[in-house]
Amino acid sequence: MVDSRVIQFFRKHHVLTIATTLENEPWCANCFYVYLEEENALVFTTDNDTRHGKEFIKNPLVAGSVVLETMVIGKIRGIQFQGIVSEPEDEMLSKAKWAYLKKFPPAALMDTHLWVVKFTFIKMTDNRFGFGKKLLWP
């Protein structure tokens, strides 16, 4: 079960950095996201013709982060993750689209291509609970 502090952090923020690698060449991109608690996954949108979109298809293993930007060491918080990216289908596509458009209504006016990253590992750092305090899942 994912710690409630991790869930709250994902809910409070909306931009992720997602990293891909293909043929030993790393790449990262920033995307708006919505968190699906039941699936423990993030939904985001990017076109298939972006570099990271093309790389998802060839290598769905990704890493990423969601962070709180602060200069105060005692307030540093962030999540690093690993996961598997896929294009949602059927019921998952309906659920992902509904959640994404609820959080980002202007996306309904665009041709959005949704992706889902299901987590295989999450590490949250939260210095408010002690310097370098980590929460791990699983």
Open item on the list: How far apart, in nanometres, would the label points at C28 and E89 be if each is projected 7 angstrom from Cα along the Cα-to-Cβ direction?
Closed with: 3.2
Task: Max mean-square fluctuation residue, GNM over the chain, Cα-Cα springs under 10 Å, options L61, L42, L101 - done: L101
Task: the stretch 20-36 - phi-based ³J(HN,Hα) in whole Hz, Karplus 6.51/-1.76/1.60, Gly and Pro as x - done: 10, 8, 8, 6, 6, 10, x, 8, 9, 8, 10, 9, 6, 9, 10, 8, 9
TODO: Using only the Cα atoms of the chain, build the gyration tensor, take square roots of its eigenvalues as a ≥ b ≥ c, and label the shape rounded, prolate or oblate: rounded if a/c is under 1.5, else prolate if a/b is larger than b/c, else oblate.
DONE: prolate
TODO: Please name whichever of F10, A99, Q82 sits farthest to the positive end of the charge dipole of the chain, dipole taken about the Cα centre and charges placed at Cβ: Lys and Arg +1, Asp and Glu -1.
DONE: F10
TODO: Between E91, E39, E23, find the one with the highest GNM mean-square fluctuation for the chain; connect C-alpha pairs within less than 10 Å.
DONE: E23
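Cut-off is 10 Å between beta-carbons; in what order do D47, D90, D126 appear when sorted fewest neighbours first?
Numbers: D47 11, D90 7, D126 20.
Arranged by neighbour count, lowest to highest, D47, D90, D126 become D90, D47, D126.
When Lys and Arg each count +1 and Asp and Glu each count -1, what net charge do the other residues less than 12 Å away from I122, Cβ to Cβ, add up to? Write down the numbers at each step before the final one.
Details: positive: R5, K118, K123, K134; negative: D3.
Net charge in that neighbourhood comes out at +3.
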Task: Between helix 90-103 and the chain: long-axis angle, C-alpha atoms, 0 to 90°, nearest 10 - done: 60
- [ ] Output ³J(HN,Hα) for the stretch 39-53: one whole-Hz value per residue in order, computed from phi by the Karplus curve 6.51 cos²θ - 1.76 cosθ + 1.60 with θ = phi - 60°, and x for Gly and Pro.
- [x] 8, 6, 8, 10, 10, 8, 10, 6, 6, 5, 8, 6, 4, 5, x
Open item on the list: Using Cα springs under 10 Å in a Gaussian network model of the chain, which residue among G74, G53, G64 shows the largest mean-square fluctuation?
Closed with: G74
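R0 = 22 Å: FRET efficiency of L61 with T17, Cβ-based, nearest 0.05?
Numbers: r = 16 Å, r/R0 = 0.71.
It comes out at approximately 0.90.
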Task: Dipole magnitude of the stretch 4-137, debye to nearest 20 (Cβ charges: Lys/Arg +1, Asp/Glu -1, about Cα centre) - done: 860
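Every number in this text was worked out from the coordinates using simple rules, so none of it is lab data. Fair warning: this is a prediction, and the values are worked out from it, not measured in the lab. As a convention, Cβ positions derive from the backbone with ideal geometry for all residues, glycine included, and neighbour counts pool all protein chains shown.
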